[in-house]
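The values are calculated or read from the model by the stated rules, or taken from the named source; none is laboratory data. Bear in mind that the values here come from a model prediction, so they are computed numbers and not experimental data. Neighbour counts run over all protein chains shown; Cβ positions are idealised from the backbone, glycine included.
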Amino acid sequence: MPKKIIISKNVPKNVPKTFIIQPVAVNYSQPKLYVPKDENGNATVARPWHVWFNFKNPETGKFDNTSKFKFKHGINKYKTVSQRKEFGKSLVRVYTTLLEEGFNPYTRESSGGFHLVQKDISCKNALQMAYDQKAGDLAPSTRKDWEYRLKKFFEYAEAAGFADFNINDVGTFHVASFLNYMAESGQGPKSINNFRACLSGLWGKLANDTVAMSNPVTVLKKRKENPQKNKPFTPEEISKIKDYLLVNDPGLLTFIRFVAFAFLRPVEVVRLTVGDVDLTNARLSVKTKTETRATVRIIPQLTEEIQKMQLQNFDKKNFLLTTSGVPGSWAAKENTRTKFFSDRFTKVKDHFGFGSEYGIYSIRHSFALDLYNSFIAEGLTTVEAEFKLLTITRHKSVSGLRNYLRDVGAMLPKDYSKNITLDF
């Protein structure tokens, strides 16, 4: 621990001087460079590097779960171990000096009257850098979506004249103006919120890396969305759709049965490969909308459908459902593959005269409603039925499931006519 020496004053020359050594309280740990290692214990650039240290929470005076600070300052842009080590050591020296001079990472300020400032970087270059660094962590569909939205923001920034402003000179006003412009151009609330999410994600990374002093997007409220939700079909309509598909499009019927019996989303169905199917243990390995994996039960009705496909004759990497009607390769993007089946279902809707409020999701809603009503008919309470259904539909919470059931008409009250006493 550092110590300071205090020399007693006003002591006669012929009297021995007293030296008092007192420990100095230190609020931080020494900055260190985090160097990730590979399986052989060697430094690797395959994972992110950073400089870190601990700093006591000013409110409690203790080290706690908020005390650890990490700084990157673009270190992961360097492609070799030696380059990162050289840059990292310079960062350690800088933060060591800053902390000695009173730098407080909670406020990004120091008692010496200066604060940490990143080298000037333009709005366009900073956001592009943030996107390039985050791209590898994004799902392919999200990566493509953000690329498009960032391009639109750059076009507006160029036209409005702030693309080359320092990133810290571009604030909430500029982002709000852009979002308003997109709204005036015909973009709906959902699209505007997606622009907001993209920019907030990139600015958040810049703020975390101390390239930007703050995230100006977070103060902007999300716009209220009123999406048109798919209505469930009646049991009679479900029966008619089945009879029609058996004759006119059995391939689409197979696709829809994965939605109905496994409660998959259409995009989850088009992601399925032969290797995702485990008939022995009645399991489906499903890549969800967040690109994570979920295990879904294969019930007998779906087992029968899968057995017809004779999957043992196909490569495990083959997509389960394709344009040819049998497993195989399919180079198209996910949204194109999903649209292929939704377009085929549009023909079914047109045949029966169903409006825009119906879609493939309507099938999923119909079967969720049917299951819920069956559970209630068996004598389960609403709470018991909800918990049982939760594991099937894979909603994240009971409240989310409850809202979903309310939307599809499962939460209707019982007949209350006998309780009305007023004659009207």
Just to verify a result, which residue in the range 317-374, among those that are assigned to a loop (DSSP other than H, G, I, E, B), in contact with a Gly (Cβ under 8 Å, 6 or more places away or on another chain) and not hydroxyl-bearing (Ser, Thr, Tyr), is farthest from ARG143 (Cα to Cα)?
GLY325
Kindly indicate the residue of the range 375-396 that is part of a helix (DSSP H, G or I) and hydroxyl-bearing (Ser, Thr, Tyr) and also nearest to VAL259 (Cα to Cα) among those meeting that condition.
THR393
Out of everything in the range 365-400 that is within 25 Å of the chain's Cα centre (by Cα) and in contact (Cβ under 8 Å) with a residue 24 or more places away in the chain, what residue ends up being farthest from LEU284 (Cα to Cα)?
HIS365
Candidate set: the range 260-280, residues that are more than 13 Å from ARG293 (Cα to Cα) and charged (D, E, K, R); chosen: the one farthest from the chain's Cα centre (by Cα):
ASP278
So which of VAL217, VAL269, VAL211 is under 30 Å from ASP315 (Cα atoms) and either in contact with a Phe, Trp or Tyr (Cβ under 7 Å, 6 or more places away or on another chain) or not aromatic (Phe, Trp, Tyr) (or both)?
VAL269
Take the residues in the range 366-393 that are surrounded by fewer than 16 Cβ atoms within 10 Å (Cβ to Cβ) and among the hydrophobic types (A, V, I, L, M, F, W, C), then tell me which one is nearest to VAL296 (Cα to Cα).
PHE387
Taking interchain pairs and intrachain pairs at least six residues apart, which have beta carbon atoms under 8 angstrom, with the first residue in the range 401-424 and among the charged types (D, E, K, R) and the second at pLDDT below 80?
ARG402/MET411; ASP407/LYS229
How about the range 156-251: which helices (runs of 4 or more DSSP H) wholly inside it have at least 2 residues that are acidic (Asp, Glu)?
235-248
Can we say LEU264 is modelled with pLDDT of 95 or more and either aliphatic (A, V, I, L, M) or in contact with a Pro (Cβ under 7 Å, 6 or more places away or on another chain) (or both)?
no
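Pick from the range 65-89 the residues that are outside any helix (DSSP H, G or I) and charged (D, E, K, R): which of them is surrounded by the fewest Cβ atoms within 10 Å (Cβ to Cβ)?
Initial filter on the range 65-89 (outside any helix (DSSP H, G or I)): 65-74, 78-80.
Of the ones still in play, those that are also charged (D, E, K, R) are 68, 70, 72, 79.
Numbers: LYS68: 13, LYS70: 14, LYS72: 20, LYS79: 8.
Checking each candidate, the answer is LYS79.
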What is the residue count in the range 310-323 for residues that are out of contact with any strand residue (DSSP E or B) (no Cβ under 7 Å at 6 or more places or on another chain) and within 16 Å of VAL259 (Cβ to Cβ)?
1
Within the range 115-142, count every residue that is surrounded by 16 or more Cβ atoms within 10 Å (Cβ to Cβ) and over 17 Å from the mean Cα position of the chain (by Cα).
9
Taking the condition loosely packed, with under 15 Cβ neighbours inside 10 Å and either within 20 Å of the chain's Cα centre (by Cα) or outside the structural domain of ASN194 (by TED's automatic domain parsing) (or both), does ASP145 pass?
no
Checking the conditions here, which among ALA260, ALA176, ALA197 is touching a helix residue (DSSP H, G or I) at 6+ places or on another chain (Cβ under 7 Å), of a type in the set (Gly, Ala, Ser) and not assigned by TED's automatic domain parsing to the domain that holds PHE71?
ALA260
Could you tell me whether the range 156-164 includes any residue that is more than 16 Å from the chain's Cα centre (by Cα), on the phi > 0 side of the Ramachandran plot and modelled with pLDDT of 90 or more?
yes
Considering only the range 52-92, state which residues are at positive phi and more than 27 Å from the chain's Cα centre (by Cα).
GLY61
Of the residues that make up the range 25-48, is at least one farther than 28 Å from GLY74 by Cβ, surrounded by fewer than 11 Cβ atoms within 10 Å (Cβ to Cβ) and modelled with pLDDT under 90?
yes
Test: GLY275 is surrounded by fewer than 15 Cβ atoms within 10 Å (Cβ to Cβ) and of a type in the set (Gly, Ala, Ser):
yes
Inside the range 207-257, can you point out the residues that are among the acidic types (Asp, Glu) and surrounded by fewer than 20 Cβ atoms within 10 Å (Cβ to Cβ)?
GLU225, GLU236, GLU237, ASP243, ASP249
